[in-house]
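> Quick one: the structure is below, questions incoming.
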Amino acid sequence: MNQDHTSVDTITAHLRKTEPFLTDNPFTTTVMAQLPCTRKLPGRKKNTLLLAVTTLGSAIAASQIPVTFVPDLLDTAAADWSTLLGTGVMLAYSTAIAAIWAARRQ
């Protein structure tokens with residue numbers, strides 16, 4: 001296993017070499033001063049956007065589940081439609097309560 005270390009050493013030495021300082025006659029400072037400031041979203045808009053994106057992602061993920069798979073899953077899990085519906089309603093209700101609580105905190 002004959003490896004040529006001189007090329008690696010040469011590259012490493014090249015990378016570690018410092019470059020000379022280039023003066024830009026306050027060009028960078030001027031450009032940075034002219035850039036607009038970043039805007040922060042208000043809490044309500046931020047929460048609404050987060051909830052919308054989460055809902056969209058959940059809808060996309062749910063659309064990928066084959067419909068014929070759900071009854072088989074229910075038979076295997078020994079759950080019926082009323083249990084599934086009740087769980088879904090409780091989940092939606094608790095999510096809505098959590099979203100309202102988060103919106104009121106801000």
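The values are calculated or read from the model by the stated rules, or taken from the named source; none is laboratory data. Values in this document were obtained by computation on a predicted structure and should not be read as measured data. Cβ placement follows ideal geometry from the backbone for every residue including glycine, while neighbour counts extend to all protein chains displayed.
> List the residue pairs whose Cβ atoms are under 8 Å apart, where the first residue sits in segment 1-19 and is surrounded by 10 or more Cβ atoms within 10 Å (Cβ to Cβ), the second is at pLDDT 65 or above and in a helix (DSSP H, G or I), and the two are 6 or more positions apart or on different chains.
Final answer for the pair search is none.
So that you can scan it fast, the table gives a plain yes or no per residue for (1) within 25 Å of the chain's Cα centre (by Cα); (2) in a helix (DSSP H, G or I); (3) small (Gly, Ala, Ser):
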{"residue": "Thr10", "(1), (2), (3)": "no, yes, no"}
{"residue": "Leu15", "(1), (2), (3)": "no, yes, no"}
{"residue": "Glu19", "(1), (2), (3)": "no, no, no"}
{"residue": "Thr23", "(1), (2), (3)": "no, no, no"}
{"residue": "Thr30", "(1), (2), (3)": "no, yes, no"}
{"residue": "Ala33", "(1), (2), (3)": "no, yes, yes"}
{"residue": "Thr38", "(1), (2), (3)": "yes, no, no"}
{"residue": "Lys46", "(1), (2), (3)": "yes, yes, no"}
{"residue": "Thr54", "(1), (2), (3)": "yes, yes, no"}
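> A further question follows. Modelled with pLDDT under 80, of a type outside the set (Val, Ile, Thr) and out of contact with any Asp or Glu (no Cβ under 6 Å at 6 or more places or on another chain): is that true of Leu56 in this structure?
no
> Still on this structure, please answer the following. Say whether the condition of being modelled with pLDDT of 75 or more and either assigned to a helix (DSSP H, G or I) or surrounded by 10 or more Cβ atoms within 10 Å (Cβ to Cβ) (or both) is met by at least one residue in segment 64-82.
So far as segment 64-82 goes, no, none of its residues is modelled with pLDDT of 75 or more and either assigned to a helix (DSSP H, G or I) or surrounded by 10 or more Cβ atoms within 10 Å (Cβ to Cβ) (or both).
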